[in-house]
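For reference, the structure discussed in these notes is given below.
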Amino acid sequence: MRFPVVLALTIALAACGGAAPPAQTPVGATPAKPVAATGAQVTGTVVSDQPALLGAGASLVTRLLDVTRVDAEPIVVTTGSQPVTALPAEFALAYDDDQLSSDRDYAVDARVMEGVTVKFVSIGRVPVLTKGKQSRVNIQLAQAMTSALRDPAVELLKEYTDLEQRLGGLERFADSRIVGPEGKEVAIGWDGFADDSGVRMVRETVSNGDGSGRFTRKFAWKDGKLWVATRERDGVSVRLGWASDGSLLIKENNGSADEAAAAEAADLSKAAKEAYAIAAARKPN
């Protein structure tokens with residue numbers, strides 16, 4: 001019996017982020033700005049590599065974004081600003097629940113301002129609220145302009161985020177395939193993106209023929225080498241990032257560093273190799 005599934009070939013992208021359980025405000029940190037008790041809100045903690053004291057008048061600006069369309073700039077749902085004196089800091093961002101739709105993708109980002117100067121920026125965007133995402137998250141901050149030079153992992157994530165934001169300007173192509181023996185078929189719908197250097201990213205939706213599961217994978221390459229791989233299944237997101245020498249720089253589960261994520265490297269690398277070969281063969285001349 002042949003596989004009866006019709007696949008959607010567009011996969012929503014978002015910078016993965018880590019959900020965090022409620023926690024006490026760290027010593028020296030800035031508490032959350034009070035919000036209406038009855039209002040919907042995204043809450044959490046913004047953290048930097050090292051605790052930091054901030055200048056007088058510093059503010060923490062957070063945004064709730066609609067990131068459903070990966071080929072366009074995100075839509076700002078709402079923005080919040082609160083005084084901040086030190087990092088880490090607690091935040092609370094109120095929003096109107098009527099503005100959200102369960103079939104769309106949302107994320108938050110943050111920046112720390114001292115006057116008109118940006119001091120810290122979030123590394124990517126953290127998914128929230130819909131499709132199994134949490135309303136309380138950690139947002140990792142990097143010192144503006146300088147931190148990427150100090151930390152190769154931060155540099156990798158910033159460059160990868162830039163690639164994601166530029167996908168709309170790359171050449172896009174798409175296809176699907178069915179793999180596996182009869183009765184155990186797996187359908188894979190994918191779209192790829194390429195620039196002058198070759199295939200840069202492939203996004204896949206993988207569906208089991210028996211209806212037992214559906215998950216997404218995303219692979220990115222730099223200089224022809226596997227660079228970043230992510231897999232999202234049952235609300236759990238794994239992200240791995242490789243340095244140019246093949247060593248693992250990024251090992252994350254739901255946006256938080258986790259050495260256990262390295263166990264996924266072999267499977268994701270194998271899937272990425274197959275995805276690259278197929279995409280390279282389908283890439284328009």
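The values are calculated or read from the model by the stated rules, or taken from the named source; none is laboratory data. Keep in mind that what you see is a predicted model, and the values were worked out from it rather than measured. So basically every Cβ, Gly included, is an ideal-geometry build from the backbone, and we count neighbours across all protein chains shown. Ligands, DNA and RNA are excluded from the accessible area calculation, which covers all protein heavy atoms including side chains. Shrake-Rupley method; radii C 1.70, N 1.55, O 1.52, S 1.80 Å.
Quick rundown of the values:
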read-out: In Hz, Karplus ³J(HN,Hα) per residue of the range 154-164 (6.51, -1.76, 1.60; θ = phi - 60°; x = Gly, Pro); value: 5, 4, 4, 5, 5, 5, 5, 4, 4, 4, 4
read-out: Cα gyration tensor, the range 50-127 - rounded (a/c under 1.5), prolate or oblate; value: prolate
read-out: Asp151 accessible area, assembled protein chains, probe 1.4 Å, Å²; value: 50 Å²
read-out: Alpha-carbon gyration tensor eigenvalues x 5, square-rooted, for the range 37-183, Å; value: 30, 21, 14
read-out: Cα centroid of the range 232-285 to Cα centroid of the range 84-152, whole Å; value: 24 Å
read-out: Accessible-area ranking of Ile188, Ile278, largest first, probe 1.4 Å; value: Ile278, Ile188
read-out: Amide hydrogen neighbours beyond the local backbone of Ala92, cut-off 5 Å, H modeled; value: Lys33
read-out: Within the accessible area of the range 78-140 (1.4 Å probe), percent carbon and sulfur; value: 45 percent
read-out: Accessible-area ranking of Trp242, Trp190, largest first, probe 1.4 Å; value: Trp242, Trp190
read-out: Peptides ranked, highest mean first, by Cβ atoms within 10 Å: ranges 153-163, 84-94, 58-68; value: 84-94, 58-68, 153-163
read-out: With every protein chain in place, the range 179-277: carbon and sulfur % of accessible area (1.4 Å); value: 47 percent
read-out: Anisotropy class of the range 151-285 from Cα gyration tensor, a/c 1.5 cut; value: oblate
read-out: Per residue value of the accessible surface for the range 189-281 (all protein chains in place, 1.4 Å probe), Å²; value: 45 Å²
read-out: Three-way shape label, the range 197-261, alpha-carbon gyration tensor, a/c 1.5; value: oblate
